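A short worksheet on the structure shown next.
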Amino acid sequence: MIAELPDEEILEYLLSSDFIENYKPEEYKYLLHKFRYFYRILHGNHTRIKGDKEFEIRQLKDTIESVRNQITAEQIKSAQLQDTIDLSKKERKLTWKERWSGKIKHF
């Protein structure tokens, strides 16, 4: 009788059988209930794992966005510092005449 088999063998039968055996309608009904039972377990596990993975993906995307924002902020800061360095290099010392008159000659 099919109901006396352990769950592993019933699952194996459900996955590999062509259902050509001559079982009683009660036994087929029992197999159908077992199939529903296995499906609910597997679907529940799939849904849980899928939800966990989607949550991890969202967290990783948030982390990536945060790092990108930090990189952008650091690039802006670096550009401002480079501008300050470039401006200080371009400044030249004023001549005595320029200092006295207050007029700076541009070259």
Check: Within the stretch 82-93, is there a residue that is part of a helix (DSSP H, G or I), at pLDDT 95 or above, of a type in the set (S, T, N, Q) and under 45 Å from the mean Cα position of the chain (by Cα)?
Finding: no
Margin query: Any residue that is more than 38 Å from the chain's Cα centre (by Cα) and outside any helix (DSSP H, G or I) - is there at least one of those in the stretch 24-47?
Written below: yes
Item checked: From the options Glu9, Glu65, residue that is modelled with pLDDT of 95 or more, among the charged types (D, E, K, R) and surrounded by 10 or more Cβ atoms within 10 Å (Cβ to Cβ) -> Glu65
Next item on the list: Report yes if Ser16 is of a type in the set (Ser, Thr, Tyr) and surrounded by fewer than 10 Cβ atoms within 10 Å (Cβ to Cβ), otherwise no.
Entry: yes
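Restricting to the stretch 16-40, count the residues that are among the polar types (S, T, N, Q) and closer than 18 Å to Met1 by Cβ.
In the first step, residues of the stretch 16-40 are kept if they are among the polar types (S, T, N, Q); the result is 16-17, 22.
Filter again for closer than 18 Å to Met1 by Cβ, leaving 17, 22.
Total meeting the criteria: 2.
The values are calculated or read from the model by the stated rules, or taken from the named source; none is laboratory data. Just so it is clear, the structure is predicted and the values come from calculations on it, not from any experiment. Cβ sites come from the backbone with ideal geometry, for glycine too, and all protein chains shown count toward neighbours.
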